[in-house]
């Protein structure tokens, strides 16, 4: 009976949790913002973790009550349980480490549902990048640009780069022939920046008009002119791609050949 009750309550908990998460997501969409608020992302994660914790507690309680119902004295199991707990503790240190790390990730709001992050785990120098799909006390699940699901144990995370916090920056290095007139190049890039800022689609993603910083580096036959744009969190990749396309079209329209293609890197900032 206890097991059946636990199963029914677990299903009810999942339904309630899914309803709460659905309302949080619907509210985030109805707010009309182009990006989720930090409160919405954190609330989604807290609802997921709370649902998981309640279900685990229900099953543990049902197991204890079932043992007591069978007439097995629970107090008599304390000593064996202590031995088993020590053995499990020694053998499951990584699980305990994962859970403790998950608690700190959620409490410190390091990232939330929908955040674009790069996670460096133990044994990985470059780390993995993707969008956060799920966070529990034990694991973080990401989906990368190729659609692959990457699951990282929380205890193995050594560094997190959140590219969706507060604001971000799109950085575009424009390679042009070294014989080009730098003043003319700056004028063209300035015009592209103004047009992008006034654009109905791209403009709302920008926090301020893109800035032309000037020549970033000089090579044998190429100059790299840098343009940067401060964007809404998580939108730096879209803005960078759009700026690159607009810059390429504008340069070709002026008869300026782009040597190798625009090198765009989008860097998140807090």
Residues of the range 161-176 with amide N under 11 Å of a point placed 7 Å along Cα→Cβ from residue 109: 166
So, in nm, how far is label residue 94 from label residue 8 when the simple model puts each one 7 Å beyond its Cα toward the Cβ? 4.0 nm
For each of 7, 21, 119, count neighbouring Cβ atoms within 10 Å of the residue's Cβ, then give the residues from fewest to most. 7, 21, 119
For the range 167-269, what log10 I(q)/I(0) values come out of the Debye formula at q = 0.24 1/Å, with one point per alpha carbon and no solvent? -1.29
Would you list 58, 142 from fewest to most Cβ contacts within 10 Å? 58, 142
Per-pair calculated FRET efficiency, R0 = 35 Å: residue 199 and residue 220 via Cβ, rounded to 0.05: 0.45
Residues 254, 108 in order from fewest to most other beta-carbon atoms within 10 Å are 108, 254
What spacing in nm lies between the two simple spin-label points modelled at residue 213 and residue 146, each 7 Å away from Cα in the Cβ direction? 3.0 nm
With R₀ set to 22 angstrom, the calculated FRET efficiency between the beta-carbons of residue 16 and residue 133, to the nearest 0.05, is 0.60
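Every number in this text was worked out from the coordinates using simple rules, so none of it is lab data. Just so it is clear, the structure is predicted and the values come from calculations on it, not from any experiment. As a convention, Cβ positions derive from the backbone with ideal geometry for all residues, glycine included, and neighbour counts pool all protein chains shown.
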